[in-house]
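Participant: Following this message is one structure expressed as C-alpha cells.
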2 protein chains.
Amino acid sequence: MRELYRQELAQLGAELERMGRGVSRAIDRATTALGEADITIAEQTIDADERLDENARTIDEMCVHLLALQGPVASDLRLILSALRLSQTLERQGDLARHLAAIARSTFPTRSIAEPAAGLITRMGRAAAEMGALEERLIITHDTSIADEISRYDDTLDDLQVEVHRLIGDDSVSLTRRQIVDLTLGARFLERFGDHAVSAARRVVFIVEGAREATSEGGIDAHL
Amino acid sequence: MRELYRQELAQLGAELERMGRGVSRAIDRATTALGEADITIAEQTIDADERLDENARTIDEMCVHLLALQGPVASDLRLILSALRLSQTLERQGDLARHLAAIARSTFPTRSIAEPAAGLITRMGRAAAEMGALEERLIITHDTSIADEISRYDDTLDDLQVEVHRLIGDDSVSLTRRQIVDLTLGARFLERFGDHAVSAARRVVFIVEGAREATSEGGIDAHL
C-alpha cells in the first residue's frame, strides 16, 4: 500500500513536470509567433493547448484518487491540494499563451505588434518565456531559490507594461486602433502570465518545504 | 462526530453564500462606478475586495480542515474539492470587479467609457451584474435551472464584446487612445467575469447533483 502510494505521488510529480515543460514551451513559442508573425508556430501553440488541458485533467484525477483512497495526513494533504491548485494555474498560463498566439494569427501576415512597441513586447515576451523556463526548472529540481528569480522577472514585466501604456498614450507615436487593442491585450496577457508564474512558484515552494518538514519528521518521502 | 461534521459543512455552505453575495454586490457596484463615474462607489468596491479575499481564505481553511479531520468519502470529497475551486473562481471574479472599479477611479471625474461605447459597456455591465446575482441565487437556492440562465447571459456578453471591438475599429467613431485602452480592458474584464460565472455555476451544479446522489444513496445530507 505504502509502496503504491509513493509510486502514485511520483507519477503525480512526473505529470506536473510534463505540464510545466508544456507551459514553458507554449509561452516561448507564443512569443516567437508574435515577434516574427509566424503563423505555423502560432497555430501549433494554439493546438498544443489542448494537451495542457488534458495534463490538468490527469493531475486533477490523480489528486482526487490519492485523496479518496489514501486519506492523506496533514503534510501529504497540503502537497496534494497544492498540486491541484498548481494544475489550475498552469492551465491558465497555457490559455494565456494560446491567446497571445491567437493575436499573432489574427493579423497574419502582418505583425500584430506595431514597430514602435515591438521592442517592448518582445522584452515582455522574453521575460515571460524566461519565467516559464524557470517555473519548469523549479517544478523539476525543487530548487526553491528559483522562486526569487521568478519574482524579479515579474517586476520587469510590470515595469514594461507601464512603458507600453506610456507609449500608447504618446500621440507622436503612430499607431492604428487595432494596434492599440492588440498591444493592450498582448501586454495584459503577458503580465498575467507573470502573475501566475509567481503564484505557481509560491505553491511549489510551499510543497517542497512541506515535504522537507515531513521528511525531517520521519514522514513521507514526497516526490514533489 | 457526525453532528459536528454536518455543522461544519453547513458553515462552509454559509461562507460560500456570503462570498457569492459579496461578488454579486461587487460587480453590480463596479458597473455603477463605471457608468456613472462615481468615485465613492469605485473606492468602496476596491476596498471591499479585501473581504472577498478573506472569505476565500476562510473557505479554503474550512475545506482543508474537513479533508484533514473527516477523511471524506467519494461524494463528500467531490463536494469539498468543488468548494475549494469555487472559492478561487469567486475570488477571481472579485478581482475583476476591482479592476473595473479601478478603471472608473483612474479617469475620475471623467467617465472612463467614451459616449459612443457607453451603451455597450453599460449593457455588458448589466449582463455581468445579472450573472453575479444569478450566481448568488444558485449558490443559495441550489436551483440548478439557474445555470442555463447564466450561460445565456454569457453569450450576450460575448456578443457585446464583439460589438465593442467593431465600434473601436470604426474610424468614424471618435475615440482617444486612452478610451480605446479602457474600452478594450473594460470589455475584457466583463467578459472574463462572465466566463468565471459560467464555470462557478457548473461547479455548483456538480456539487448539488453529487449531494442528491449521496442523499438518495442514504449518504450524507450535504448542505451544499
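The values are calculated or read from the model by the stated rules, or taken from the named source; none is laboratory data. Quantities reported herein were computed from a predicted structural model and do not represent experimental measurements. Backbone-built Cβ (ideal geometry, glycine too); neighbour counts: all protein chains shown. Remember, those area values only see protein heavy atoms, side chains included, never the ligands or the DNA or RNA. Shrake-Rupley method; radii C 1.70, N 1.55, O 1.52, S 1.80 Å.
Participant: When the stretch B:120-132 is examined, which residues are found to be open to solvent by less than 40 Å² (accessible area, probe 1.4 Å) and either modelled with pLDDT under 95 or under 23 Å from B:Gly22 (Cα atoms) (or both)? Steps first, answer last, please.
Facilitator: Within the stretch B:120-132, the subset open to solvent by less than 40 Å² (accessible area, probe 1.4 Å) is B:120-121, B:124-125, B:127-129, B:131-132.
Residues satisfying the conditions are B:Ile121, B:Met124, B:Gly125, B:Ala127, B:Ala128, B:Ala129, B:Met131, B:Gly132.
Participant: If you check B:Ala201, B:Ala197, which single one turns out to be more than 14 Å from every other protein chain (Cβ to nearest Cβ), more than 18 Å from B:Met124 (Cβ to Cβ) and either crowded, with 17+ Cβ neighbours inside 10 Å or out of contact with any Ser or Thr (no Cβ under 7 Å at 6 or more places or on another chain) (or both)? Full working, then the answer.
Facilitator: Working: B:Ala197 fails: more than 18 Å from B:Met124 (Cβ to Cβ).
When all the criteria are applied, what remains is B:Ala201.
Participant: Just checking, does the stretch B:39-52 include any residue being in contact with a helix residue (DSSP H, G or I) (Cβ under 8 Å, 6 or more places away or on another chain), within 19 Å of B:Leu12 (Cα to Cα) and either surrounded by fewer than 23 Cβ atoms within 10 Å (Cβ to Cβ) or more than 14 Å from every other protein chain (Cβ to nearest Cβ) (or both)? Outline the logic, then answer.
Facilitator: The initial filter retains those residues of the stretch B:39-52 that are in contact with a helix residue (DSSP H, G or I) (Cβ under 8 Å, 6 or more places away or on another chain), namely B:39, B:41-46, B:48-49, B:51-52.
From the residues that got through so far, the ones that are within 19 Å of B:Leu12 (Cα to Cα) too are B:51-52.
Retained after the next criterion (residues that are either surrounded by fewer than 23 Cβ atoms within 10 Å (Cβ to Cβ) or more than 14 Å from every other protein chain (Cβ to nearest Cβ) (or both)): B:51-52.
Yes, because at least one residue in the stretch B:39-52 is in contact with a helix residue (DSSP H, G or I) (Cβ under 8 Å, 6 or more places away or on another chain), within 19 Å of B:Leu12 (Cα to Cα) and either surrounded by fewer than 23 Cβ atoms within 10 Å (Cβ to Cβ) or more than 14 Å from every other protein chain (Cβ to nearest Cβ) (or both).
Participant: Of the residues B:Glu91, B:Glu115, which is among the acidic types (Asp, Glu) and more than 14 Å from chain A (Cβ to nearest Cβ)?
Facilitator: B:Glu115
Participant: Take the conditions part of a helix (DSSP H, G or I) and either open to solvent by 60 Å² or more (accessible area, probe 1.4 Å) or at pLDDT below 95 (or both) and apply them to B:Leu96. Does it pass? Walk me through it before giving the result.
Facilitator: On the way: part of a helix (DSSP H, G or I): yes; either open to solvent by 60 Å² or more (accessible area, probe 1.4 Å) or at pLDDT below 95 (or both): no.
Spelling it out, it is not the case that B:Leu96 is part of a helix (DSSP H, G or I) and either open to solvent by 60 Å² or more (accessible area, probe 1.4 Å) or at pLDDT below 95 (or both).
Participant: Condition test on B:Arg78, is it on the phi < 0 side of the Ramachandran plot and modelled with pLDDT of 95 or more? It would help to see each step written out before you state the result.
Facilitator: Numbers: on the phi < 0 side of the Ramachandran plot: yes; modelled with pLDDT of 95 or more: no.
Considered against the rule, which asks whether it is on the phi < 0 side of the Ramachandran plot and modelled with pLDDT of 95 or more, B:Arg78 comes out as no.
Participant: Tell me, yes or no, whether the stretch B:92-101 has at least one residue that is touching a residue at least 12 places away in the same chain (Cβ under 8 Å) and farther than 19 Å from B:Phe193 by Cβ. It would help to see each step written out before you state the result.
Facilitator: As a first pass, look at the stretch B:92-101 and keep what is touching a residue at least 12 places away in the same chain (Cβ under 8 Å): B:92-101.
Now narrow it down to the ones that are farther than 19 Å from B:Phe193 by Cβ: none.
No, the stretch B:92-101 contains no residue that is touching a residue at least 12 places away in the same chain (Cβ under 8 Å) and farther than 19 Å from B:Phe193 by Cβ.
Participant: Shifting gears a bit: Can you name every residue in the stretch B:149-194 that is among the small types (Gly, Ala, Ser), in contact (Cβ under 8 Å) with a residue 40 or more places away in the chain, under 16 Å from A:Ile180 (Cα atoms) and open to solvent by 20 Å² or more (accessible area, probe 1.4 Å)?
Facilitator: B:Ser174
Participant: Answer yes or no: is there a residue in the stretch B:58-77 that is out of contact with any strand residue (DSSP E or B) (no Cβ under 9 Å at 6 or more places or on another chain), within 16 Å of B:Val23 (Cα to Cα) and among the aliphatic types (A, V, I, L, M).
Facilitator: Looking only at the stretch B:58-77, we keep the residues that are out of contact with any strand residue (DSSP E or B) (no Cβ under 9 Å at 6 or more places or on another chain), and these are B:58-77.
Remaining after also requiring within 16 Å of B:Val23 (Cα to Cα): B:58-59.
Filter again for among the aliphatic types (A, V, I, L, M), leaving B:59.
Yes, the stretch B:58-77 has at least one match.
Participant: Do you know which of the residues in the stretch A:99-116 that are surrounded by 22 or more Cβ atoms within 10 Å (Cβ to Cβ) and among the small types (Gly, Ala, Ser) is nearest to A:Gly20 (Cα to Cα)?
Facilitator: Taking the candidates together, the pick is A:Ala101.
Participant: Moving on to the next point. Just for the stretch A:172-194: of the residues that are away from chain B (no Cβ under 11 Å) and in a loop (DSSP other than H, G, I, E, B), which one is nearest to A:Leu138 (Cα to Cα)?
Facilitator: A:Ser174
Participant: Of the conditions (1) in contact with a helix residue (DSSP H, G or I) (Cβ under 8 Å, 6 or more places away or on another chain); (2) at pLDDT 95 or above, A:Gly35 fails just one. Which one is it?
Facilitator: Result: A:Gly35 fails condition (2) only.
Participant: Then there is this: For the stretch B:11-33, give me the residue count where each residue is more than 11 Å from B:Asp49 (Cα to Cα), open to solvent by 10 Å² or more (accessible area, probe 1.4 Å) and not acidic (Asp, Glu).
Facilitator: Looking only at that region, the number is 8.
Participant: Can I ask one more? Could you list, in sequence order, the residues of the stretch A:65-85 that are open to solvent by 20 Å² or more (accessible area, probe 1.4 Å), more than 9 Å from chain B (Cβ to nearest Cβ) and either within 18 Å of A:Gln11 (Cβ to Cβ) or not in a helix (DSSP H, G or I) (or both)?
Facilitator: A:His65, A:Leu69, A:Gln70, listed by residue number.
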